[in-house]
Amino acid sequence: MAEYFALLHLADNPVHFALAIGAVIAAFAVFTLVGFGTALMASPPLALVMPVGKVVPMLALLDFAGSSARGWRTRKDVAWAEFFKIFPGMLLGQLAGVLVLSRIPPVLMATALGLFIALQGARGLLRKRTQPGGAPKRAFAFGLFGGVLGGLFGSGGFVYASYLERSLESRVAFRATQAVLIALSTLWRIALCAWLGLLDAQVVVTAIAFVPAMCIGVFVGHRIDLRMSREQLFLLLNGLLIASGISLAVRFLVQ
């Protein structure tokens, strides 16, 4: 069994490992609140303790576990009408993202997209709030764009969240619908990772080792959620767009 934990270089730097655990807790606390952010928040610290190529499939396993469990618990609250508006675009976008990933250097694209995401977050903070249900015709475009980013960088959930937050008045419906979308998106990513040989027994066992940190993060997120208003959630969502966009751009620029 010891060889399955070879991905975690615990003896190299315990401080780095503690940082990775803390990042997973924080990432899933945020994920519980807004439905995205695990890959962008947890990837850099995790890369300190395991090979970079294994981080995305491991986080995909954790994302799928967390979002599918939540989606199943709240399935009665899913806004299926909004789900089916965005879902076809997501499927096509994921396929397009994977195809583009195999043909175009990611550095310039990631930088441009990161800046675009940050600008979207700033625009969301600065502009006047719109009433929920105001953008049904753009659902396919949101799904397509989010799917492309998911296929390219493993992080497109913020796009679905941005659409659903403006389309649904109920926070319960928002989180339930987002959970189902993320579960299906990560399931597709897991299948791709397995097909490309990135998913093996070591990755699975490593993901299991991080499950306690994931559960703590979900618990913390739920506790914070009980004290958060809709307006505060809106501010957090757009603030994370800014942070995620800058993180994405910087992450690829410094490579």
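The values are calculated or read from the model by the stated rules, or taken from the named source; none is laboratory data. Predicted model, so just to flag it, every value in this text is computed and none were measured. Neighbour counts run over all protein chains shown; Cβ positions are idealised from the backbone, glycine included.
Restricting attention to region 52-61, does a residue exist that is at pLDDT 85 or above, among the charged types (D, E, K, R) and part of a helix (DSSP H, G or I)?
Scanning region 52-61, I find no residue that is at pLDDT 85 or above, among the charged types (D, E, K, R) and part of a helix (DSSP H, G or I), so the answer is no.
Counting only residues that are over 19 Å from the mean Cα position of the chain (by Cα) and part of a helix (DSSP H, G or I), which one in region 62-81 is surrounded by the most Cβ atoms within 10 Å (Cβ to Cβ)?
Filtering first and then ranking leaves Asp77.
Is it the case that some residue within region 35-49 is assigned to a helix (DSSP H, G or I), exposed (fewer than 15 other Cβ atoms within 10 Å of the Cβ) and either at pLDDT 75 or above or out of contact with any Gly (no Cβ under 8 Å at 6 or more places or on another chain) (or both)? Reasoning before the result, please.
Taking region 35-49 and keeping what is assigned to a helix (DSSP H, G or I), we get 38-46.
Narrowing further to those that are exposed (fewer than 15 other Cβ atoms within 10 Å of the Cβ): none.
Among the residues of region 35-49, not one is assigned to a helix (DSSP H, G or I), exposed (fewer than 15 other Cβ atoms within 10 Å of the Cβ) and either at pLDDT 75 or above or out of contact with any Gly (no Cβ under 8 Å at 6 or more places or on another chain) (or both), which makes the answer no.
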